[in-house]
Amino acid sequence: MRTLVIGDIHGAYMALLEVLERAKVTPDDLLIFLGDYADRGKHTPQVLDHLIALQQTHQVICLRGNHDALCCDFLLGKPMSELWRSHGGKATEEAYKDYTKDDKQPHIDFLQSLRNYLLDGQNRLFLHAGFTDRGGVAHEFFTENFYWDRTLWELALATSEDMSPSDPYYPKRLTLYKEIYIGHTPTLNYATDQPMCRHHIWNLDTGAGFGQRLTIMDIDTKEYWQSSMIND
């Protein structure tokens, strides 16, 4: 069995189908989706429908992204702020304009069922964004940090690659887990559409929400597959 991790999809339905095909996914594989299924792209409803269907035939764990939390609020009737609309919500608003309350309910149920993080038996942590408590995810007081925080990734990037965990100034947060897999902060911010790794933290948001690529990775071999450039 492979463990395959998928980065931020952002409504890129065809890219999702493409990476599952390129990775030759089977029901024997464990699929861990890192969140942000909604917004930016035009096909959030189709993405959610496909993830719901996959749960019936495959081993699937879906984690919560910040855009998913916002999308859930929207489907429940909360007004969409102009800030969110300008950061991808407009596409979601358009995609659902002809959906009835009953049409939306399976998507609401799915979004409400999402997990904030997964910690596996090998001390590998999976979550959308990060955490802030030096004691780790079990001690995090503000659970929204699991899908909003950027400081974990920024801390990893700001810590010299030459620094050892035995160094007294080495950040405690970077010592807690064997590996951490996140999305949330596009690698495009660092001039690449490939996955990035720093201090055993892997960032798999390779820009699907910005017309670039969606990524799926085998976390044991670190082999990965990407979609074509996204233009819809």
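At 0.890 mPa s and 25 °C, plugging the Kirkwood radius over alpha-carbon pairs of region 11-82 into Stokes-Einstein gives what diffusion coefficient in µm²/s? Rounded, D is 188 µm²/s.
For the chain, averaging the sequence separation of C-alpha pairs within contact (under 8 Å, six or more residues apart) and dividing by the residue count gives a relative contact order of 25 percent. Within region 126-212, all pairs of alpha-carbon atoms sorted by distance into 10 Å bins from zero give the percentages 17, 50, 28, 5, 0. All Cα-Cα distances of the chain, cut into 10 Å bins from zero to the largest, leave 8, 34, 37, 17, 3, 0 percent in each bin in turn. One Cα centroid belongs to region 144-189, the other to region 84-138; the line between them spans 21 Å.
Its residue count N fixes a reference of 2.2 N^0.38 Å for region 49-142, and the Cα radius of gyration divided by that reference is 1.26.
Within the straight-line cut-off of under 26 Å between alpha carbons, the lysines reachable from K90 are K42, K78, K101, K104, sequence neighbours fewer than 8 places apart in one chain being disregarded. Taking only protein heavy atoms and a 1.4 Å probe, the accessible area of the chain is 51% carbon and sulfur. Note on the chain: with a GNM built from Cα contacts shorter than 10 Å, the maximum mean-square fluctuation among Y147, Y99, Y13 falls on Y99. Relative protection proxy for 38-45, 217-224, 161-168, 52-59, from highest mean packing down: 38-45, 217-224, 52-59, 161-168 (other beta-carbon atoms within 10 angstrom). Kirkwood radius and radius of gyration were both taken over the C-alpha atoms of region 92-134, and their ratio Rg/Rh is 1.20.
As a test of the formula, what do you get for the chain when each DSSP H run with n ≥ 4 contributes -39,500 (n - 2.57) and the sum is divided by the residue count, at 222 nm and rounded to the nearest 500 deg cm²/dmol?
One gets -8000 deg cm²/dmol as the mean residue ellipticity at 222 nm.
Each listed q (0.13, 0.18, 0.19, 0.20 Å⁻¹) maps to a log10 I(q)/I(0) for region 49-104, found by the Debye formula over equal Cα scatterers with no solvent: -0.40, -0.72, -0.78, -0.84. Probing with 1.4 Å while keeping every protein chain in the model, the per residue accessible area of the chain equals 46 Å². Ranking K24, K178 by solvent-accessible area of protein heavy atoms (1.4 Å probe, all protein chains present), from largest to smallest, gives K24, K178.
The values are calculated or read from the model by the stated rules, or taken from the named source; none is laboratory data. Note that the coordinates shown come from a computational prediction; the quantities given were computed from them, not determined experimentally. When we count neighbours, we look across all protein chains shown, and the Cβ atoms used for this are built from the backbone with ideal geometry, even at glycine. Just so you know, the surface numbers come from the protein's heavy atoms only, side chains and all, with ligands and any DNA or RNA stripped out. Shrake-Rupley method; radii C 1.70, N 1.55, O 1.52, S 1.80 Å.
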